[in-house]
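Before any comments, here is the structure.
The values are calculated or read from the model by the stated rules, or taken from the named source; none is laboratory data. The structure presented is a predicted model; accordingly, all values stated were derived computationally and were not measured. All Cβ positions, glycine included, derive from the backbone under ideal geometry; neighbour counts span all protein chains shown.
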Amino acid sequence: MAEAESATAESKQLPILPFLRLGEKDGEDSYLFGSRCKSCGATYLGDRMACSKCCSTDPMDDVRLSDRGELHVFSIVHQSAPGVPTPYVAAIVDLPEGVSVRCNIEGVEPDPKNLEFGMPVEMYTEKVHTDDDGNEIIAFKFRPVNNN
Ligand SMILES: [Zn+2]
């Protein structure tokens with residue numbers, strides 16, 4: 001049994017954004033989910049009421065999105081809100097399902113020479129802070145895939 005959690009019985013892990021679904025049990029993956037239009041197959045991040053491609057308002061299929069994608073665009077952020085450490089890498093990652101995700105890239109020095117458009121990246125989750133009720137707030141980030 002894993003006893004590494006310091007959280008109390010009442011505290012929970014909460015996703016920082018609604019389209020991040022956390023694994024509920026040990027060994028269960030956390031993942032991003034999307035909605036796929038049953039009429040035309042267009043896929044969107046998170047819940048979606050209507051398809052902007054074909055205007056269908058039928059309920060969409062819930063899909064698990066890939067953990068891996070490609071770095072579509074990035075910028076090195078040097079100034080941010082107080083309390084946010086800089087520099088960091090703000091990016092948009094394209095997932096194979098045709099969905100783009102805004103995220104931060106970690107696991108690499110924030111320097112353009114370490115980053116390349118189209119480079120493979122993978123998602124991971126990390127606790128970013130604990131709220132007033134003791135809940136752990138979980139964020140997702142992407143990092144370069146280690147190809148060794
Ligand atoms: Zn559609």
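Pull up segment 17-52, narrow it to residues that are polar (S, T, N, Q) and within 13 Å of the ligand (Cβ to nearest atom), then point me to the one that is farthest from Tyr124 (Cα to Cα).
Ranking the qualifying residues of segment 17-52, first place goes to Ser39.
Could you tell me which numbered condition Glu97 fails, if it satisfies all but one of (1) within 16 Å of the ligand (Cβ to nearest atom); (2) closer than 15 Å to Leu20 by Cβ?
(2)
Residue by residue, here is whether (1) loosely packed, with under 14 Cβ neighbours inside 10 Å; (2) touching a Pro at 6+ places or on another chain (Cβ under 8 Å); (3) at pLDDT below 95 holds:
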residue	(1), (2), (3)
Glu3	yes, no, yes
Glu10	yes, no, yes
Gln13	no, no, yes
Arg21	no, yes, no
Lys25	yes, no, yes
Cys40	yes, no, no
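Output the strands (runs of 3 or more DSSP E) that fall wholly within segment 16-72 and possess 2 or more residues being hydroxyl-bearing (Ser, Thr, Tyr), or say none.
31-36, 43-45
Have a look at Gly107, Gly118, Gly134, Gly98 and point out the one that is of a type outside the set (S, T, N, Q), assigned to a loop (DSSP other than H, G, I, E, B) and surrounded by 14 or more Cβ atoms within 10 Å (Cβ to Cβ).
Gly107
Residue-wise test of (1) more than 17 Å from the chain's Cα centre (by Cα); (2) not hydrophobic (A, V, I, L, M, F, W, C).
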| residue | (1), (2) |
| --- | --- |
| Phe33 | no, no |
| Met60 | yes, no |
| Arg68 | no, yes |
| Phe74 | no, no |
| His78 | yes, yes |
| Pro87 | yes, yes |
| Val121 | no, no |
| Asp132 | yes, yes |
| Ala139 | no, no |
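May I ask you to verify whether Glu70 is more than 16 Å from the ligand (Cβ to nearest atom), more than 23 Å from Leu22 (Cβ to Cβ) and out of contact with any Cys (no Cβ under 9 Å at 6 or more places or on another chain)?
Spelling it out, Glu70 is indeed more than 16 Å from the ligand (Cβ to nearest atom), more than 23 Å from Leu22 (Cβ to Cβ) and out of contact with any Cys (no Cβ under 9 Å at 6 or more places or on another chain).
Looking at segment 98-112, can you tell me whether even one residue there is touching a His at 6+ places or on another chain (Cβ under 6 Å) and at negative phi?
no
I'd like the full set of residues that are closer than 19 Å to Leu17 by Cα and either part of a strand (DSSP E or B) or touching a residue at least 12 places away in the same chain (Cβ under 8 Å) (or both), limited to segment 73-94.
Those that are closer than 19 Å to Leu17 by Cα and either part of a strand (DSSP E or B) or touching a residue at least 12 places away in the same chain (Cβ under 8 Å) (or both): Val89, Ala90, Ala91, Ile92, Val93, Asp94.
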